[in-house]
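No value in this document is a laboratory result; all are computed from the given coordinates. Note that the structure is predicted; figures quoted are calculated from it, not measured. Note that each Cβ is placed from the backbone with ideal geometry, even for glycine, and that neighbours are counted across all protein chains shown.
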Amino acid sequence: MRDLLALLFLAAAGLAGTPLAAQERWAEYTDVWGTRVSYPQDLFSVNKGAEGGGQVFVTRDGRARLHIYAMENPKALPPRQFMRSYFPGPRSTLTYDRVARNFFAVSTRREGMIVYLRCNFSSAGGAALHCVDIRYPTNEKRAWDGIVTRISRSLRPLPAE
């Protein structure tokens, strides 16, 4: 029944038969920094390899991209201070802007694409950021909302051992 409802939604959105219809199989990505995130492996089925401290996956047709990565937070700045230091431009250009005590998430539109970035701050003294950068066509926003939300909410640092 759930599959039928999903297919009906995709058909109504004009996306039935596209890679978004094949989003049921999710995988978990982990890395040496301790980043852990779930992503739809049937949708982001092409592994483009290592880039910028992480891995890049794209859709079969190349229209959407998922970059999962980690990076140092050398000054161990909390999210609000990190945003002020590394993103000093006007935040009014953002379509989504949320800063919490342990993460930030921002989104903007650029060249027909939505660019969504979320970084979680490591609970181990703020030494690392665990991030996802998701880019997808603006005209498919509604179809991508649930996918982006699920990926974003699954982003976690691995528990310290």
Expressed to two decimals, segment 40-89 has a Cα Rg over Rh, using the Kirkwood radius, of 1.15
Going by C-beta contacts inside 10 Å, put Trp33, Trp144, Trp26 in order with the fewest on the left. Trp26, Trp33, Trp144
Under the rule of at least 5 residues apart or a separate chain, name every residue whose amide H is placed under 5 Å from the amide H of Arg63. none
Kindly provide the trypsin sites (Lys or Arg not before Pro) of segment 96-152 that DSSP labels as loop, not H, G, I, E or B, and whose Cβ sees at most 15 other Cβ atoms within 10 Å. Arg101
5 Å is the cut-off here: which amide hydrogens, built 1.01 Å from N in the peptide plane, fall below it relative to Trp26, excluding neighbours closer than 5 in sequence? Gln41
